[in-house]
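What follows is one structure encoded as C-alpha cells, with my remarks underneath.
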Amino acid sequence: IPVSGVSLSAQPPGGQVALGDSLVLSCAVVAGTGPVSFSWHREGLGTPLGTGPRLELSKVGYNDSGHYQCRASDGDSVAQSDPLIVTVL
C-alpha cells in the first residue's frame, strides 16, 4: 500500500507563533506499508530541516516564517502534506 493521507499539524494551531516562542510541527499518515520515514522541508531550502514525525523549532525568529511541508516515505512511495504557512508574530 503506498503512503497516502499525509497530514501536518502545528502547535500552536494554525502555525501562528510569537517571536521567541517555540513551534512544534507533527506529521501523520493515514496509510502506508512497513516503516514510514519522515522529512521536513521549507520552501526555498534544499536540505531537509529534520527527520522524524515531529519537528520542533525553538525560539523562532522572523526568518522561520514560510511554507513548511512534511514528506513521508515507506521506501517505495513518497507522499507529502499540503503546505502549512508558518507566521511569526
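A few comments on the model shown:
- Taking Cβ atoms as reference points and 15 Å as the exclusive limit, the residues near G15 contribute a net charge of -3, counting Lys and Arg as +1 and Asp and Glu as -1.
- Burial order of peptide ranges 51-64, 17-30 (average beta-carbon count within 10 Å, highest first): 17-30, 51-64
- The apolar share of the surface of the chain, taken as the fraction of accessible area on carbon and sulfur atoms (1.4 Å probe, ligands and nucleic acids excluded), comes to 53 percent.
- Placing dummy labels 7 Å off each Cα toward the beta-carbon, the span from T51 to S7 is 2.6 nm.
- Extending 7 Å from Cα along the Cβ direction at E43 and again at S58 yields two label points whose distance is 2.8 nm.
- Identified option (computed semi-axes √(5λ) of the Cα gyration tensor in Å; candidates (1) 23, 16, 13; (2) 25, 12, 10; (3) 20, 15, 9): (2)
The values are calculated or read from the model by the stated rules, or taken from the named source; none is laboratory data. Not measured: the values here are computed from a predicted model. We place every Cβ from the backbone using ideal geometry, glycine too, and count neighbours over all the protein chains shown. We work out accessible area using only protein heavy atoms, side chains counted, and drop any ligands, DNA or RNA first. Shrake-Rupley method; radii C 1.70, N 1.55, O 1.52, S 1.80 Å.
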